[in-house]
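Peer 1: Have a look at this one before I ask anything.
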Amino acid sequence: MVFKGNSYHFKGANTKMQRTEKKIAYELQEILNNYEIERDNLIPVLHGVQEKFGYISEESVAGISRHFNISESEIYGVATFYTQFRFTRPGDHTIRVCRGTACHVRGSQRIMNEVCKLTGIKPGETTSDYRFSLEQVACFGSCALAPIAVVNEAVYGRMTPPKIKQLLEEIE
Ligand code: FES
């Protein structure tokens, strides 16, 4: 152990990572403990895991597999049937651009192009620093305000390339 300034730094083992893995395993177990070991509970558990961690990691699938005594491939088979489940870590901020008809005719492609240019990613991707994820959505049901972009949970209507640029710049 090395003392630096006001904090201790452990040499050798990646203690911080081990702690994080332990915490994730503990939080996963907390979710699993809420459900009886019944196959019907698989989807609710997957929802719970995604809500807690933002995605369903390989480690989570392994833990769910052990809990339900179902093979990992079977879990992936069930989960991939539902498009709402994601298996890769999302960025800290999710940008969604609507590509529905109303938004399309009012220039959503220009919004998407601007976001792609600013972040360097395409729809379905996450920046390598996990800052942003980009998604395209069919319709948010707010067509009167087209074109629509959603940043995290906030919906922005009548979006323009300069507006989305400013929005992304303002995100801490
Ligand atoms: S088409 Fe974009 S909100 Fe409906």
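Peer 1: Based on this model, can you work out whether Thr126 counts as under 27 Å from Val61 (Cα atoms) and outside the structural domain of Gly77 (by TED's automatic domain parsing)?
Peer 2: On the way: under 27 Å from Val61 (Cα atoms): yes; outside the structural domain of Gly77 (by TED's automatic domain parsing): yes.
Criteria met by Thr126.
Peer 1: May I ask you to say which residue of Ala144, Ala154, Ala102 is within 15 Å of the ligand (Cβ to nearest atom), closer than 21 Å to Gln84 by Cα and not assigned by TED's automatic domain parsing to the domain that holds Gly54? So that I can check it myself, show each step before the final result.
Peer 2: Working: Ala144 fails: closer than 21 Å to Gln84 by Cα; Ala102 fails: closer than 21 Å to Gln84 by Cα.
One residue alone meets the criteria, Ala154.
Peer 1: Okay, moving on. Would you please list the contacts, defined by Cβ atoms under 6 Å and residues six or more apart or on different chains, that run from a residue in segment 131-143 that is within 9 Å of Cys98 (Cβ to Cβ) to a residue that is near the ligand (Cβ under 6 Å from one of its atoms) and not hydrophobic (A, V, I, L, M, F, W, C)?
Peer 2: Sorted first by the residue in segment 131-143, then by its partner, the pairs are Ala138/Gly100; Cys139/Gly100.
Peer 1: Restricting to segment 92-102, count the residues that are in contact with a Cys (Cβ under 7 Å, 6 or more places away or on another chain) and either buried (at least 18 other Cβ atoms within 10 Å of the Cβ) or under 15 Å from Ile164 (Cα atoms) (or both). Let's see the steps before the verdict.
Peer 2: First pass over segment 92-102, keeping only residues in contact with a Cys (Cβ under 7 Å, 6 or more places away or on another chain): 98, 100, 102.
From what is left, the residues that are either buried (at least 18 other Cβ atoms within 10 Å of the Cβ) or under 15 Å from Ile164 (Cα atoms) (or both) are 98, 100.
Number of matching residues: 2.
Peer 1: From the set of residues in segment 115-150 that are of a type in the set (D, E, K, R) and not in a loop (DSSP other than H, G, I, E, B), which is surrounded by the fewest Cβ atoms within 10 Å (Cβ to Cβ)? Reasoning before the result, please.
Peer 2: As a first pass, look at segment 115-150 and keep what is of a type in the set (D, E, K, R): 117, 122, 125, 129, 131, 135.
Among the residues that remain, those that are also not in a loop (DSSP other than H, G, I, E, B) are: 117, 135.
Working: Lys117: 10, Glu135: 16.
The extreme case among them is Lys117.
Peer 1: Evaluate the following for Phe87: is it away from the ligand (no atom under 16 Å from the Cβ), under 28 Å from Phe140 (Cβ atoms) and without any contact (Cβ under 8 Å) to a residue 12 or more places away in the chain? I'd like the intermediate steps shown before the answer.
Peer 2: Numbers: away from the ligand (no atom under 16 Å from the Cβ): yes; under 28 Å from Phe140 (Cβ atoms): yes; without any contact (Cβ under 8 Å) to a residue 12 or more places away in the chain: no.
Criteria not met by Phe87.
Peer 1: A follow-up question, please. So, in segment 73-87, how many residues would count as being within 21 Å of Val151 (Cβ to Cβ) and surrounded by 13 or more Cβ atoms within 10 Å (Cβ to Cβ)?
Peer 2: The number of residues fulfilling the criteria is 1.
Peer 1: Scan Ala102, Ala79, Ala149 and give me the residue that is touching a Lys or Arg at 6+ places or on another chain (Cβ under 8 Å), of a type outside the set (Val, Ile, Thr) and in contact (Cβ under 8 Å) with a residue 12 or more places away in the chain.
Peer 2: Values: Ala102 fails: touching a Lys or Arg at 6+ places or on another chain (Cβ under 8 Å); Ala79 fails: touching a Lys or Arg at 6+ places or on another chain (Cβ under 8 Å).
Only one candidate passes the filter, namely Ala149.
The values are calculated or read from the model by the stated rules, or taken from the named source; none is laboratory data. Nothing here was measured: the structure is a model prediction, and the numbers come from that model. Neighbour counts run over all protein chains shown; Cβ positions are idealised from the backbone, glycine included.
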